[in-house]
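**Q** Take a look at this one; I'll ask things after.
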Amino acid sequence: MTLFARLSRLLIGRLYSVWHLGKVFGLKIQQMRHFVAAADSSSFAQAAKKCFTSRQNIVHSIRELERELGVPLFERENNELSLTPSGQQVVTQAWAILREVDLLQNMFAEKQGRDMSLSFAASRNFLAGAPVAATRYLLEHVDNAHLEELGAESCYQAVCDGRVDAAFIACMARSFPLCSTIKIANEPAYILVNETSDLASKESIAAVDLLDKKLAVISRPPFQYAPLFAELESLRFKADQVDVISSERLMCDMVKFHDSVGILSKGFVDRMLSVDEGFCAVPFADQTMNWNFYALYRRNTPNFKALIRVINDFKFAFETQQMPR
């Protein structure tokens, strides 16, 4: 079988899977986007704001899904919206379906010459952890495009609001239900500790090892650290043990002089340990804490094809550490 035939069969299989699910359950992609937005919010009103629609539309989509599936998806607990056990199963599948839909759409984004009227945002720790070739490629667009550094959650909101064409975010695994996503890379997470710390001698670190530590993070949790803080919360980790700082440099100072611990990607650890002393980087034992590098975008940008070209070229530079031709 030729490569073209194999790719065609794979594509048809994906299309059929999404079509078949919709045919069986009468589901719409928009309903699933409303559902995952609600799953990522504390209320239907908040989900409506994220989706730029009314609360009534969110409620209608949820009720339609519950009617089609025959199970309740949400319940109220302590005045907050939470998923039922069935809802937790459904949201995992919904995320997977939306990722497939986005992937199918990306397959048909033709490459074209660079259009420099694009705007980007990058989370504050994204470029610090990216390979030099990838950072260089992105910064080469700054002369003709707009690039700003924001907090990770602000980057996501900037894409949702249409203030930027795309955002590059480094964070632990999570969903972004209101925009399309391309995963750039996945890297192990490390805990940065002072070399005199009791954690420095460990081969790996678990969340439970952090219970008596001061944690230095570069954005307000939990958005960028969702799986970690979900586990820490279950272990009764105290909110006053978290310091939100402005940069990795300040994180290093906190670790060195105040016995805090930080969370870093492998890329940043490699750079920092080559020029700084007095630190030790210990890997997280749990791979669900890995750092993921994402490109977020909305398909309705006027320069969509040029945008996909930039994202794919950036991904190539990240993976190969070579500049695109």
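**Q** Using amide H atoms built 1.01 Å from N in the peptide plane, name the residues 5+ places from Glu149, or on other chains, whose amide H lies under 5 Å from its own.
**A** Residues meeting the criterion, in which the H sits 1.01 Å from N, are Ala122.
**Q** Out of residues 5 or more away from Ile245 or on other chains, whose amide H comes under 5 Å of its own, with H placed 1.01 Å from N in the peptide plane?
**A** Val217, Ile218, Ser219
**Q** Can you put Arg76, Arg299 in order of Cβ neighbours within 10 angstrom, beginning with the fewest? Don't skip to the end; give the middle numbers.
**A** Numbers: Arg76 9, Arg299 13.
Lowest to highest Cβ neighbour count: Arg76, Arg299.
**Q** Sort Met254, Met323, Met32 so that the residue with the fewest other Cβ atoms within 10 Å of its own Cβ comes first and the one with the most comes last. Write down the numbers at each step before the final one.
**A** Numbers: Met254 20, Met323 14, Met32 23.
In increasing order of surrounding Cβ atoms, one gets Met323, Met254, Met32.
**Q** Can you pull out the trypsin sites (Lys or Arg not before Pro) in region 184-266 whose DSSP state is coil and whose Cβ has at most 16 other Cβ atoms within 10 Å?
**A** On the way: sites: Lys202, Lys213, Lys214, Arg236, Lys238, Arg249, Lys256, Lys266; in loops: Lys202, Lys213, Lys214, Arg236, Lys238.
Those that pass, being in a loop and sparsely packed, are Lys202, Lys214, Arg236, Lys238.
**Q** Taking K and R as +1 and D and E as -1, what net charge do the other residues with C-beta under 11 Å from the C-beta of Val90 add up to?
**A** -2
**Q** Would you list, by chain and number, the lysines whose Cα falls below 16 Å from the Cα of Lys214, excluding same-chain residues fewer than 8 positions away?
**A** Lys238, Lys256
**Q** Can you give the net charge of the other residues whose Cβ lies under 9 Å from the Cβ of Asn292, counting K and R as +1 and D and E as -1? Numbers along the way, then the final one.
**A** Numbers: positive: Arg174, Lys183; negative: Glu187.
Residues near Asn292 contribute +1 overall.
Laboratory data are not the source of any read-out in this text; all were calculated from the coordinates shown. Quantities reported herein were computed from a predicted structural model and do not represent experimental measurements. Note that we place each Cβ from the backbone using ideal geometry, even for glycine, and neighbour counts take in every protein chain shown.
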